[in-house]
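Asker: The structure is given below, and queries will be raised subsequently.
No lab work stands behind these numbers, since they all come straight from the coordinates. Note that the structure is predicted; figures quoted are calculated from it, not measured. Cβ coordinates were reconstructed from backbone atoms using ideal geometry, including for glycine residues, and neighbour counts include every protein chain displayed.
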């Protein structure tokens, strides 16, 4: 049964019309959202929700790892950091330690902020090129 939810339609349209760079930014934001949800759930004593949110964050990081272009030397460093973030999330979940979630979020924020700058620089270049024509 199809739903006529305008929000769902908007979300689908956003994903379908986004550039690969914008999709990557959405993944970073989603990962941060789930890490934060895991931390809040842990602090509220909701262990089941902590686990679910942790697994969602891990799934996003796995996707980021799979789509990483390994032809660039920096990719290996990113892969190591993704693995570290994953280990922090897993340990935070197992040991019930919100500081590990904070550490993971800090690294993912750095990735997200850097990626956001890359997108902005690319847009400025495209806009500049359009004006030169």
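Asker: Need one number: nm distance between label points at residue 5 and residue 69, each 7 Å from Cα along Cα→Cβ, rounded to one decimal.
Answerer: 3.5
Asker: If packing is taken as the mean number of other Cβ atoms within 10 Å per residue, what is the order of 46-58, 115-127, highest first?
Answerer: Order by mean packing, descending: 46-58, 115-127.
Asker: Same structure, new question: With an 8 Å cut-off on Cα pairs and a minimum separation of 6 or more residues, tell me the relative contact order of segment 18-132 in percent. Working shown, then result.
Answerer: On the way: 96 pairs, mean separation 35.2, N = 115.
Computed value for segment 18-132: 31 percent relative contact order.
Asker: Could the peptides 63-73, 27-37, 80-90 be put in order, highest first, of the mean number of other beta-carbon atoms found within 10 Å of their residues? Please report the intermediate quantities before stating the final value.
Answerer: Working: 63-73: 11.0, 27-37: 20.0, 80-90: 17.1.
Ranking the peptides 63-73, 27-37, 80-90 by packing returns 27-37, 80-90, 63-73.
Asker: Fewest Cβ neighbours within 10 Å first, please rank 94, 40 accordingly. Spell out each step's value before the answer.
Answerer: Values: 94 11, 40 15.
In order of increasing Cβ crowding within 10 Å: 94, 40.
Asker: Further question: With a/c under 1.5 counting as rounded, go ahead and sort segment 29-89 into rounded, prolate or oblate using the C-alpha gyration tensor (a ≥ b ≥ c being the square roots of the eigenvalues; past the cut-off, prolate if a/b is larger than b/c, else oblate). List each step's numbers first, then the result.
Answerer: Details: a/c = 3.39, a/b = 2.77, b/c = 1.22.
Prolate, because a/c is 1.5 or more and a/b exceeds b/c.
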